[in-house]
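One structure below.
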Amino acid sequence: MTKMLVGNLTDIDIRGSRKFKVGDKEIALFRLSGGEVLAVENKCPHKGGVLSEGMVCGSKVHCPLHDWRIDLHSGAVQAPDSGHVTTYEVEIDPGSGHIYLTI
């Protein structure tokens, strides 16, 4: 596993997102209303919708294609749909605001 710097807390608005590529993976970072930053694979398991373009509600993102809800903590798709996306560990340096991701 590798820990890499992927941005700064000031780069992401509250309830906003950013996307970036690591090799062949596209990852979405989400900043929740409480300030927590979470990272998931940026592709809905249903039809490949770009999750970073979805609406965040609480700790779930709604896929912009068919409104599938995905829990940003676990990566689990919420019932009645089913599926899963990969989640990634996020660490924020409290002094600098740097966001690190473990891949």
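On the stretch given as segment 3-14, residues that are loosely packed, with under 13 Cβ neighbours inside 10 Å and assigned to a loop (DSSP other than H, G, I, E, B) total 2. Give me the residue from segment 18-46 that is in a strand (DSSP E or B) and among the small types (Gly, Ala, Ser) and, out of that set, farthest from HIS66 (Cα to Cα). In this case the residue turns out to be ALA39. Picking from residues in segment 67-80 that are part of a loop (DSSP other than H, G, I, E, B) and in contact with a His (Cβ under 6 Å, 6 or more places away or on another chain), the one that is farthest from GLU36 (Cα to Cα) is TRP68.
For segment 88-103, the set of residues classified as surrounded by fewer than 12 Cβ atoms within 10 Å (Cβ to Cβ) and among the polar types (S, T, N, Q) consists of SER96 only. There is at least one residue in segment 36-54 that is surrounded by 12 or more Cβ atoms within 10 Å (Cβ to Cβ), in contact (Cβ under 8 Å) with a residue 40 or more places away in the chain and touching a Ser or Thr at 6+ places or on another chain (Cβ under 6 Å).
Beta carbons closer than 7 Å, at least 6 apart along the sequence or on distinct chains, pair a first residue in segment 61-86 that is without any contact (Cβ under 8 Å) to a residue 40 or more places away in the chain and closer than 15 Å to GLU41 by Cβ with a second that is of a type in the set (S, T, N, Q) and crowded, with 17+ Cβ neighbours inside 10 Å for SER74/THR87; GLY75/THR87. Can you confirm whether segment 77-85 contains a residue that is under 15 Å from MET4 (Cα atoms) and under 11 Å from the mean Cα position of the chain (by Cα)? There is no residue in segment 77-85 that is under 15 Å from MET4 (Cα atoms) and under 11 Å from the mean Cα position of the chain (by Cα). Take SER17 and decide whether it is buried (at least 16 other Cβ atoms within 10 Å of the Cβ) and polar (S, T, N, Q). It is true that SER17 is buried (at least 16 other Cβ atoms within 10 Å of the Cβ) and polar (S, T, N, Q).
Applying the condition of being touching a Leu at 6+ places or on another chain (Cβ under 9 Å) and among the basic types (Lys, Arg) to segment 6-56 and asking which residue is nearest to PRO94 (Cα to Cα) yields ARG31.
Readers should treat all values here as calculations from the given coordinates under stated rules, not as data from a laboratory. Predicted, not measured: the structure shown is a model, and the values here were computed from it. Please note: Cβ atoms are built from the backbone with ideal geometry, for glycine as well, and neighbour counts cover all protein chains shown.
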